[in-house]
Amino acid sequence: MKIIAIGRNYAAHAKELNNEIPTKPVIFLKPDTAILKDNKPFYIPDFSSDIHFELEVVLKICKEGKHVAEKFAANYYDEIGLGIDFTARDIQNLHKEKGLPWELAKAFDNSAVISGFLPKRDFTDLYNLSFELKVNEQTRQNGHTSNLLFSFEKIIAFVSQYITLKKGDLIFTGTPEGVGQVKQGDHLAAWLEGKQLLDFHVK
Ligand code: MG
């Protein structure tokens, strides 16, 4: 399986990092070795001194899709959950300056934290979902899918023009504003529509 992630999909987050609002989705990949699940602790890697949390809604792809039309794209994911797109912001900034790819900042081991997944039919309106991240019991990110620049269907249609989606693939749909650095000892907890889906520690 693969993980496809969308950058700059909430305007307020694009602005907080001084990025332009994109006219097409910004895509990057993480390998399956990036997955960290079951609320296992995240260990800060030695190569970065500025690891940021990015809370995101994650889609789970349920069938193979190539050149999927936007109007059929909703049939290609059946479950949603939450994830943290851990980012080595110091490395990313350096690579952005030099126009280099982001993999070292985004695709490292354990950089894709995922929760358990829930059937999307459990939610009445996928574009009216709120999701929240607390670090050490303080709210740091409070997102709302009504603010997505590119909808889940637009993302699936766009990505599948280039990359075949397969059952079990995950799509990280982008983070809202409020990203910040994690430190050893932090406790991260996240909720989707009031249901707690993540609860883990940084070591
Ligand atoms: Mg992200």
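Each reported figure results from applying straightforward, stated rules to the coordinates on display, with no laboratory input. Predicted model only: the values in this text are computed from it and were never measured. All Cβ positions, glycine included, derive from the backbone under ideal geometry; neighbour counts span all protein chains shown.
Brief remarks follow.
- Its alpha carbons give segment 63-203 an Rg and a Dmax of 16.1, 45 Å.
- In this rough spin-label picture, where each label sits 7 Å from Cα along the Cβ direction, the residue 97-residue 166 distance is 3.8 nm.
- Sorted by Cβ density within 10 Å, fewest first, the residues 59, 94: 94, 59
- Looking at segment 110-153, the pairs of alpha carbons with a distance over 11 Å make up 77% of the total.
- GNM result for the chain, Cα springs below 10 Å: residue of 29, 126, 17 fluctuating most strongly: 17
- Checking the Cα-Cα distances for 24/195; 30/183; 30/203 against a 29 Å cut-off, the pairs over it are 24/195.
- Gain on full extension, evaluated as 0.36 nm per residue between residue 67 and residue 37 minus their Cα-Cα distance, stands at 7.8 nm.
- Least to most buried among 153, 103 (fewest other Cβ within 10 Å first): 103, 153
- Given charges at beta-carbon only (K, R positive; D, E negative), |dipole| of the chain in Debye: 460
- Using the rule -39500 (n - 2.57) for each DSSP H run of four or more residues, divided by the residues of the chain, the 222 nm mean residue ellipticity is -4000 deg cm²/dmol.
- For the chain, a Gaussian network of Cα nodes joined below 10 Å ranks 163, 91, 80 by mean-square fluctuation, and the top entry is 163.
- Residue (of 86, 130, 25) at the positive-pole extreme of the chain, dipole from beta-carbon charges: 25
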